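Engineer: Got a structure for you, questions after.
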C-alpha cells in the first residue's frame, strides 16, 4: 500500500507557505487545491530567485548494477558509492535485460550508501528474477532537484512553478496544474488571433508563443493555454494561463 494518497487535499494557505529547511512531506507527493490545481512537493537544488519562470528537473540518471534478486522481493541492492538516504525516493529504476523481461520499477525509499551499495525498497515486487549480471538505471524523482532552467539550458524539462522564491536546499510545494501567471520571453501571447497555445522557453523557463518556439530544430515544452479573452479591445495579450504539466 502506498504511503500517501494519489491526490490529497492542500489548502492555498499551505501551498503558499514559506519553504522549509526540513521536509514536511515526501518528495513528489501530489496534492490538489480547492480549484483543482495540482501541487508537487519539491526540493530546490539551487536558489530559486524568479518564481514566475518554469522550473526544471536537474536530477540526472545513475547507472548501477543490481544484485541477484528473487521474484517477489520488495527490496533490491544496487551498486552506488555515494547516495544519501532517500535520494532516489519516488524515482524509478529500469532493469536492463532481454526486452521481454525488461522492467520499470518505482522506488519507495533507499538507504544511505555503505560506500559500495544501497538498498532500494520498491512500491511493487520484482516480477522476474534478476541474475546480477544485468545493467540498471535509476532516475531520481523529477522533484528532488528543482532549479532554474538556465542551470542546464536546452537540456532540462519544466516540472513545476514555485510561485515564490526558495532558498537553495529548501522544500516547497511547486504548482504543476491550474491557473498560473508567467514571465514572457518576447511577445506577450494572445495579442493576435488564434494565438492561444504557449510553451516554456528552453533557455530560461519563460513563456513563449508556440508559433515562435515550434520550428525547425526546436520542440520546446508545452506549458498550457491562455485563459482570458485577449486582443486589442482588452489591451493586447495576457500572461495568465492554464498550467498543464500534468
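Engineer: I need a count of the residues in the range 83-114 that are more than 30 Å from residue 175 (Cα to Cα), assigned to a loop (DSSP other than H, G, I, E, B) and at pLDDT below 95.
Structural biologist: The number of residues fulfilling the criteria is 3.
Engineer: Quickly run through the range 162-186 and pick out the residues that are surrounded by fewer than 16 Cβ atoms within 10 Å (Cβ to Cβ), in contact (Cβ under 8 Å) with a residue 40 or more places away in the chain and over 21 Å from residue 142 (Cβ atoms).
Structural biologist: The answer is 179, 181, 183.
Engineer: Identify, please: which residue in the range 55-80 is in a loop (DSSP other than H, G, I, E, B) and within 22 Å of the chain's Cα centre (by Cα) and is, among those, surrounded by the most Cβ atoms within 10 Å (Cβ to Cβ)?
Structural biologist: 59
Engineer: Look through the range 81-99, keep the residues that are without any contact (Cβ under 8 Å) to a residue 40 or more places away in the chain and closer than 29 Å to residue 23 by Cβ, and return whichever of them is surrounded by the most Cβ atoms within 10 Å (Cβ to Cβ).
Structural biologist: Step by step, filter the range 81-99, then rank; the result is 83.
Engineer: Only one of these is more than 26 Å from residue 36 (Cα to Cα), at pLDDT 95 or above and out of contact with any helix residue (DSSP H, G or I) (no Cβ under 6 Å at 6 or more places or on another chain): 193, 168. Name it.
Structural biologist: Among 193, 168, only 168 is more than 26 Å from residue 36 (Cα to Cα), at pLDDT 95 or above and out of contact with any helix residue (DSSP H, G or I) (no Cβ under 6 Å at 6 or more places or on another chain).
Conditions tested, residue by residue: (1) within 21 Å of the chain's Cα centre (by Cα); (2) surrounded by fewer than 16 Cβ atoms within 10 Å (Cβ to Cβ); (3) closer than 13 Å to residue 77 by Cα; (4) in the same structural domain as residue 75 (by TED's automatic domain parsing).
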{"site": "101", "(1), (2), (3), (4)": "no, yes, no, yes"}
{"site": "109", "(1), (2), (3), (4)": "yes, no, yes, yes"}
{"site": "117", "(1), (2), (3), (4)": "no, no, yes, yes"}
{"site": "120", "(1), (2), (3), (4)": "yes, no, yes, yes"}
{"site": "124", "(1), (2), (3), (4)": "no, yes, no, yes"}
{"site": "127", "(1), (2), (3), (4)": "no, yes, no, yes"}
{"site": "135", "(1), (2), (3), (4)": "no, yes, yes, yes"}
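The values are calculated or read from the model by the stated rules, or taken from the named source; none is laboratory data. Treat the numbers as computed from the prediction; the structure is a model and nothing was measured. Reconstructed Cβ throughout: ideal geometry from the backbone, glycine too, with neighbour counts over all protein chains shown.
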